[in-house]
Each structure stands twice: as C-alpha cells, then as structure tokens.
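S.K.: One structure coming up, written as structure tokens, with questions to follow.
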Amino acid sequence: MSGTEWETVVGLEVHCELKTATKLFCGCANSFGDEPNTNVCPVCLGLPGSLPVLNEGAVERAMRIGAALHCEVHPSVFHRKNYFYPDMPKDYQISQYDEPINVGGWLDLPDGFRVGIVRAHLEEDTGKTSHLGGDGRIHGADYSLVDYNRAGVPLVEIVSEPDIRSAAQARAYASELRAVLVAVDASDGRMEEGSLRVDANVSVRPAGSDTFGTRCEIKNLNSLRSLGRAIEHEAARQVALLESGEAVVQQTRHWDEAAARTVPLRSKEEAFDYRYFPEPDLVPLAPDAGWQAAVAGSLGLLPAQRRARLLALLDGAGDGEVSAAQADQVSAVVDQGLDDLVVAAVSGGAPARLALARAANEVAADVEAGRRLPVADFTKLVSMEGDGKLSASQSKEVLGELLGAGGGDPEAIAGQRGFEAMSADSVVAIVNEVVAAHPDEWGRFAGGDQKLMGFFVGAIRERAGSSFDGKAVSAELRRRLQEA
Amino acid sequence: MTGGAPDGHASPPPIGREDVVHVARLARLELTDEEVGRFTGQLAQVLAHAADVAALDLAGVAPTAHPLPLQNVLRPDEIRPCLDRQEVLDGAPEVEDHRFRVPRIVGDAP
C-alpha cells in the first residue's frame, strides 16, 4: 500500500460540565476545587434509600446546547450504565442511552465547514480518583483515593458525526463548540479544570474511499493542543501499520502528552458490558413545545453571529478590505466577550478598526477590567485617537489607566499627563532632524530600499517620545519620499 | 423489543451455564457449580415468561419507560445542605487525606 494517500477520519465526543448551581440529581453544590468530599449527600454517595430528582437548570442548559447546535428535542429516558469502578459509589452511572434529549444537528466552523451532530445527551459526571504509591500510574499504583465532589455533576456529551478530516479541523471544531457552550451559558469553557473533555475516534482510509477504516478511541485529551497532536500521532501510527501490511485493532487508547504517543488501555479479557436498563427511580423527560420555544428564544447571539456582526461593522466603515489580522482580532474579541463593547463604541461614533484593535489588544489583556469599563469612556478615548488628538501610544496609556481605575474621563487623564498629539509642525521638524542626521540611510531609502522605513520610524519614535504619532510620521515620510 | 417469531409462537432464547457464569461475573457474584445449575433453570423460566410477552403483537405500542403515568419531575437548581464530611468518612473502611481509600484498581475506567 506504500504510495497510497491516506485520509484521516475523526469523530469527537465532547463532555461538557454544565454551569449549574447544583448536581444533576441532588442539591449538592456543583463547585470545582472545593475541599474533598464536602459536596456530597446520600444521593451522590449512592446510600441505600436515597432517590435522584432531576435538576431543571441542567435540563434547561442541555436544551440550550441542543438549540444552538440545531438539534431536535426528543422525549428522553435515563438509563443505568452498570460497571464496577470506585469513581461511582452507586456502581452505575445515570446516563441517557438510546433515547437522548437532543438528536441530530450541526455546527458550522468559522471557515464554513459543517460538522454533523449525532446527539447531545445528559449524564452525570464521576468522582475523581488519584492513584498513589508504586509508580503513581494506575497500573502500578498501590491504592487509590476518591473524592466524590464531582460525582453527579451534570454533563452533556456532544457526539459529532465522523465528518472531521484533519487534526486542525478537530481543533477548530472543539474551539468553536467551546465558544458556543460558553455563549449559551452552559459551560465556563475551562478545559484546564476539566470542564470540557474530549475523546477522539480516529481512523484512516485511502483517499477517495467511501468506507471507514477500523477506528481507535483516544481518551485524555485535555487541551486543544493535546487533541491536535494526539490525532496526528494516532493517524500516523495507523498508516504505518497499514503500510506494513498489519491491521488496526479497534481499541481504546490513552494519549500520553509527555511521550507524545497513544498507548492502549489495558482492557479486561471481556469487552465492557454495561447492562444498560431504564433507571426506575426517574420518570421520562419530555419538554413541551412551550418550554422548547422559550429556550430557543433566550439563546442570544451565537459566536458566528457575533463575528458576522463585527465584520459587517468593519465592512461598513468603508476603509478597505478586512485583513487576516483584523479577522483574528474579531475572533479574539468574540471569544473574550468584548464584542458588545466594540459594537457600542462604534454606534457611539468611534472608528470601527481602532475600537476593534484597542479591544483585541489592550482591553483583552485584562478582560475582567474590560467588562467593568464604561462604554462611554472607551468610546470617547477611541474617538480622540481616531481624531488625531492622541497618538497610539498615548491612547494606550490612557486606556491602561481607565482599565485600572474602572473608568474615567479620557480627556482629563490626557490633560493631567500633558498628552497632546504631535502637531503637524513638530512632525515635519522631527522628520527633518532625523533625515538630516542620517544622510546615507536617507539616500538608500529614497533609492527604493523599503526596509529603511522601519529604521526612520524607530529613530523618530525615539526622539518624539510618548507624543509619537506613527500614522502622521509615516505619512510625512512618504510625502518626502515622493518629493525626493 | 417487540421481537418474537412471526407466527406468534416465540420460544425463549436458550440460556446455558456459560451465560449464567458470564452474568454472575459482570455482577461480581461468585457462584458454586450447584448454584450455576440452579440459576440456569430459574433464568430459563424467567426468559420463557418474557417470551410470552414478546409473542404478542405490540406494533404501535410505545415502550413503557416507567409504570407511573408521570413525566418531567424536576427540582429547582438550588443548593441544599450536604452531609458533614466527618460523618461521611466515618462510614468508609479506609480514609486518607479526607478521601476514600480504595484498594489497587485493576483495569481501566470504562
């Protein structure tokens, strides 16, 4: 098979911890990082005689996820998934099996590629086990310690179709899905705290084939970086097997970030047999049309719509095409929830590109402060810079003070600091001085060596100090160049 | 699950000793040879009874998820008091660092 071109096929299962106040079936707090075993009760400890009652807030968030992913809400039933492992004290996990709440749907990636969604169902999270003694890894450990604070925390598991064709596309999907989950207030999106956990089903096939190869499921993907690397390594491993005439064995594998490889999980001799059966302590869930409509109506703008809104503002500003860097700024501002600030500033008269740049660079460096920043102050500052009353570096300095103080009058702050933009006369004067001081460089620049633009701008910046106005200086340099 | 022979006379699926041993293993039950034999007979009777139901024409009958005619039993998302940690851990065979200490785990999390 050597010389064959291979295509990678990926389907992702994303487990999203819901941002509820309480667990899925009991009133214990759903809170990350608390002292071990402080958020537990008879229900989530599986004590005899305790009964689960479904959390309305978790159902609501599951429906929001479904609505954002264009799923249909179906009447659903909870099942018991039976297994013996100490992360669940009941010896089963309550999950939705063959009748999940959300069915079908899709997610469009920023580049327009559409990934199908099979389902998005509710289930409870498991407790946290730590393996101690021996070499500290599960197989070598002497014993394990269990904290049940996470046992019973509500999860939605979102299963994609095997539509994804590369590691980069898998990352784009996970990233966009994360943004959607945060936007609909279902998740805090913190991958590093385990709020989002991804399993990847990976297979390879000769390019052009329409049948799937044997897949492996990779677990332990706790960051976008791990997700991308694991898929690349796993696909390469499978291609190497096939090219040497061996077969891929369907199995579950674990991503070892340090060793940069996937390793098979040691399975027991028998395949897992979870003996699913309907949870007798819970009744079916069937949200009526009214509830579904209320949820769909409360979604607000999704990330794709927010990006489109900003891009439309840039387009409407009438100062040229949107650059790739500006498109990145649009994505960053939407990811950080700062797009409302930009939109408000622009509708208050601030120039769109400048408002976007200040939000994506300076405000994004302190998002919390940015959320407290009064829109009127931000609008005024950006307008002053846009009108040439402040240079870029002065504007950034004033913005830093606004962020630190939670607002203020940009004009007053600029006055206190003695800021005024370079006057047209001072621009000409400083450019004159610098050009006179570097006749050789000027000669080469005038002769067409564009690289020297940076040299002159830097020298002028040094001389002008904080009043430096890059736009005015480059305009003056270009004007002189044409005269030269 | 509305299976059954097309003629309406379903016969129970055969069950052998090896099935009983497998199910017992899944439930972590240790059975003697004598018990395996006894339970094989009893489970065959249970399956025969289920086959009577399977033989009925149930086309158009929705599966029963729950015997109670209820749905959407929900509670508000409000925090309720938890158990006292000391009380919780007092019931554990072994405790370390405020966590349940359990023996070495063989095999991986499912």
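The values are calculated or read from the model by the stated rules, or taken from the named source; none is laboratory data. In this text the structure is predicted, and so the values were computed from the model without any measurement. FYI the Cβ positions are ideal-geometry reconstructions off the backbone, even for glycines, and counts take in every protein chain you see. When the accessible area is computed, the model is the full protein with side chains, heavy atoms only, and any ligands, DNA or RNA have been set aside. Shrake-Rupley method; radii C 1.70, N 1.55, O 1.52, S 1.80 Å.
S.K.: Taking only the range A:313-340 into account, find how many residues are part of a helix (DSSP H, G or I) and either open to solvent by 60 Å² or more (accessible area, probe 1.4 Å) or in contact with a Ser or Thr (Cβ under 7 Å, 6 or more places away or on another chain) (or both). It would help to see each step written out before you state the result.
M.R.: Within the range A:313-340, the first condition is being part of a helix (DSSP H, G or I), and the residues that meet it are A:313-316, A:324-335, A:339-340.
The next check asks that each one be either open to solvent by 60 Å² or more (accessible area, probe 1.4 Å) or in contact with a Ser or Thr (Cβ under 7 Å, 6 or more places away or on another chain) (or both); those that pass are A:315-316, A:324-325, A:328, A:335, A:340.
Residues flagged as part of a helix (DSSP H, G or I) and either open to solvent by 60 Å² or more (accessible area, probe 1.4 Å) or in contact with a Ser or Thr (Cβ under 7 Å, 6 or more places away or on another chain) (or both) within the range A:313-340 amount to 7.
S.K.: Scan the range B:72-91 and give yes if some residue there is within 7 Å of another protein chain (Cβ to nearest Cβ) and over 20 Å from A:CYS26 (Cβ atoms), otherwise no.
M.R.: As a first pass, look at the range B:72-91 and keep what is within 7 Å of another protein chain (Cβ to nearest Cβ): B:72-80, B:82-83, B:85, B:88-89.
Applying the additional criterion that residues be over 20 Å from A:CYS26 (Cβ atoms) yields none.
No: the range B:72-91 contains no residue that is within 7 Å of another protein chain (Cβ to nearest Cβ) and over 20 Å from A:CYS26 (Cβ atoms).
S.K.: Identify the residue in the range A:351-393 that is closer than 24 Å to A:GLY458 by Cα, over 22 Å from the mean Cα position of the chain (by Cα) and charged (D, E, K, R) and, among all such residues, is least open to solvent (accessible area, probe 1.4 Å).
M.R.: A:GLU385
S.K.: Looking at A:ASP185, A:ASP210, which one is part of a loop (DSSP other than H, G, I, E, B), at positive phi and more than 12 Å from every other protein chain (Cβ to nearest Cβ)?
M.R.: Working: A:ASP210 fails: at positive phi.
From the options A:ASP185, A:ASP210, the qualifying one is A:ASP185.
S.K.: Checking A:TYR276 against (1) under 30 Å from A:PRO52 (Cβ atoms); (2) crowded, with 16+ Cβ neighbours inside 10 Å; (3) at pLDDT below 95; (4) more than 9 Å from chain B (Cβ to nearest Cβ): exactly one of these is not met. Which one?
M.R.: Going through the list (1) under 30 Å from A:PRO52 (Cβ atoms); (2) crowded, with 16+ Cβ neighbours inside 10 Å; (3) at pLDDT below 95; (4) more than 9 Å from chain B (Cβ to nearest Cβ), A:TYR276 breaks only (2).
S.K.: If a residue has to be assigned to a helix (DSSP H, G or I) and at the interface with chain B (Cβ under 7 Å from one of its Cβ atoms) to count, how many in the range A:59-96 make the cut?
M.R.: Residues in the range A:59-96 being assigned to a helix (DSSP H, G or I) and at the interface with chain B (Cβ under 7 Å from one of its Cβ atoms): 1 in total.
S.K.: Tell me which of these B:ALA59 doesn't satisfy, since it passes every other one: (1) surrounded by fewer than 11 Cβ atoms within 10 Å (Cβ to Cβ); (2) assigned to a strand (DSSP E or B).
M.R.: With (1) surrounded by fewer than 11 Cβ atoms within 10 Å (Cβ to Cβ); (2) assigned to a strand (DSSP E or B) applied to B:ALA59, the lone miss is (2).
S.K.: Sticking with this one: Identify the residue in the range A:202-252 that is in contact with a Phe, Trp or Tyr (Cβ under 9 Å, 6 or more places away or on another chain) and among the charged types (D, E, K, R) and, among all such residues, is surrounded by the most Cβ atoms within 10 Å (Cβ to Cβ).
M.R.: A:GLU234
S.K.: Let me ask you something else. Out of all the residues in the range A:278-297, is one or more in a loop (DSSP other than H, G, I, E, B), small (Gly, Ala, Ser), farther than 20 Å from A:VAL180 by Cβ and not assigned by TED's automatic domain parsing to the domain that holds A:TYR97? Quick ask: steps written out before the conclusion?
M.R.: Pass one, the range A:278-297, residues in a loop (DSSP other than H, G, I, E, B): A:279-284, A:286-288.
Now drop any that are not small (Gly, Ala, Ser), which leaves A:286.
Subsequent filtering for residues that are farther than 20 Å from A:VAL180 by Cβ retains A:286.
With not assigned by TED's automatic domain parsing to the domain that holds A:TYR97 added as a condition, the list becomes none.
So far as the range A:278-297 goes, no, none of its residues is in a loop (DSSP other than H, G, I, E, B), small (Gly, Ala, Ser), farther than 20 Å from A:VAL180 by Cβ and not assigned by TED's automatic domain parsing to the domain that holds A:TYR97.
S.K.: Something else: Within the range A:143-155, does at least one residue satisfy the condition of being closer than 19 Å to A:TRP255 by Cβ, open to solvent by 10 Å² or more (accessible area, probe 1.4 Å) and of a type in the set (Ser, Thr, Tyr)? Explain how you work it out, then say what you get.
M.R.: Of the residues in the range A:143-155, the ones closer than 19 Å to A:TRP255 by Cβ are none.
So far as the range A:143-155 goes, no, none of its residues is closer than 19 Å to A:TRP255 by Cβ, open to solvent by 10 Å² or more (accessible area, probe 1.4 Å) and of a type in the set (Ser, Thr, Tyr).
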